[in-house]
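Only one structure is covered here, and it is reproduced in the block below.
The values are calculated or read from the model by the stated rules, or taken from the named source; none is laboratory data. Everything numeric in this text was worked out from a predicted model, so none of it was measured. Note that we place each Cβ from the backbone using ideal geometry, even for glycine, and neighbour counts take in every protein chain shown. All accessible areas refer to the heavy atoms of the entire protein, side chains included, with ligands and DNA or RNA removed. Shrake-Rupley method; radii C 1.70, N 1.55, O 1.52, S 1.80 Å.
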Amino acid sequence: MLEKAVPYGHLALEQEMDSEIKEEVPVHEEFILCCGVETQVLKCGPWTNLFNEPRANRPKLLIFIITGNPGFSAFYVPFAKALYSSINRRFPVWVISHAGHALVPKGKKILTTSDDSNAQEINDIYGLQGQVEHKLAFLRTHVPKEVKLVVIGHSIGCHFNLEILKLAPELPIIRSFLLFPTIERMSESPNGRIATPLLCWLRYALYVFAYLLLKPWPEKIKSFVIRIALRMMNLQSEFSVLSVLEPFCLANAAYLGGQEMMKVVKRDNDTIKTYLPKLTFYYGTIDAWCPTKYYEDIKKDFPEGDIRLCEKKIPHAFILRFPQEMADMVADWLKDDLSKI
């Protein structure tokens, strides 16, 4: 019996491996000029250019992920792939980096479009409001008007999410998810009290330190350090994350962080009230950026809203350890909306 069981076990394993190979989620990486700034876009699914698709084959909906800060989109790939699989691969899932948070690796081409906005039209593109305009420009340039949108914001991406709803009511956004939302009183949060002096008062010292320490490093050394760091954290990345050690990108992340501390103060209740039926908030119980008091306050102000408190002790940076769990939850929340498309 054992002799017969062994080959069967091998066969089952081979079939399982074949299945995994067939089920591998395609992810396409692009570097584009958006508002004149190098921007990384990672696209889950076979659709790479929605305008090139015949109308009959064009997806009816796009799930658009706006990252936290730093806006290193490569770290969101496991979440995007898990979400794409959880919705049965029906619609594309795209992740966009923040302006100035990604540099094009050597040998990579930058895609340009004739419709790209002039960078000078956006003041302070690396700042808080400039990043909002950057995402709006992408959606208007790279997504056909008839394609419906689900926007997922994480951390400061939730602030951008609300700003997009407010500034572009014409966009066909059917649902917005705000995961671990830093949309108010950032400098008063436990992490904010630590980050504010560093990002607002000591930022230039951080710039000098980053440039003096990291700028001389050759790319091979940076790649080696990143590989070691990812291994120590038990993480993998199928795309380059060299931007993590680029002084230019780190300086832009720190600059954006400083503006977050100064400007993300009062919750935008007017926008929340206007779009409440489309919004789902998800707060953490161990989140030092938006403590449970923020959840209790918004729940009190909007008792009819879809405002949830995590029951699984998922941390703010869910993308590092809990991408599958979050993807399954978001897919479940989306079921009714997707059933109508």
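Brief remarks on what is shown
- Largest GNM mean-square fluctuation across 93, 241, 151, computed for the chain with C-alpha springs under 10 Å, falls on 241.
- Sequence ranges 80-87, 56-63, ranked by mean other-Cβ count within 10 angstrom, highest first: 80-87, 56-63
- Label corresponding to Kirkwood radius over Cα pairs in Å when calculated from the structure given, among (i) 25.7; (ii) 20.1; (iii) 21.2: (iii)
- Karplus-derived HN-Hα couplings along segment 264-276 (A = 6.51, B = -1.76, C = 1.60, θ = phi - 60°), whole Hz, x at Gly and Pro: 8, 10, 9, 5, 7, 5, 5, 5, 4, 5, 5, 10, 3
- Overall form of segment 178-252 per C-alpha gyration tensor (a/c, 1.5; a/b vs b/c): oblate
- Solvent-accessible area assigned to carbon and sulfur over the chain amounts to 57 percent, based on a 1.4 Å probe.
- Excluding ligands, DNA and RNA, the accessible surface per residue across the chain is 50 Å² with a 1.4 Å probe.
- Sites matching chymotrypsin sites (Phe, Trp or Tyr not before Pro) across segment 42-78 that sit in DSSP coil, with at most 15 neighbouring C-beta atoms within 10 Å: 51
- Among 201-211, 279-289, 327-337, 25-35, the peptide with the highest mean count of other Cβ atoms within 10 Å heads the list, and the full ranking is 279-289, 25-35, 327-337, 201-211.
- The modelled label-to-label distance for the pair residue 24/residue 90, using points 7 Å beyond Cα in the direction of Cβ, is 2.7 nm.
- Karplus (6.51, -1.76, 1.60) ³J(HN,Hα), θ = phi - 60°, over segment 310-327, in Hz, Gly and Pro reported as x: 4, 10, 10, 6, 6, x, 3, 8, 4, 4, 7, 10, 10, x, 5, 4, 5, 4
- Pairwise FRET efficiency - residue 106 versus residue 170, Cβ, R0 = 41 Å, nearest 0.05: 0.55
- Using a probe of 1.4 Å on the protein chains alone, the accessible area found for residue 278 is around 70 Å².
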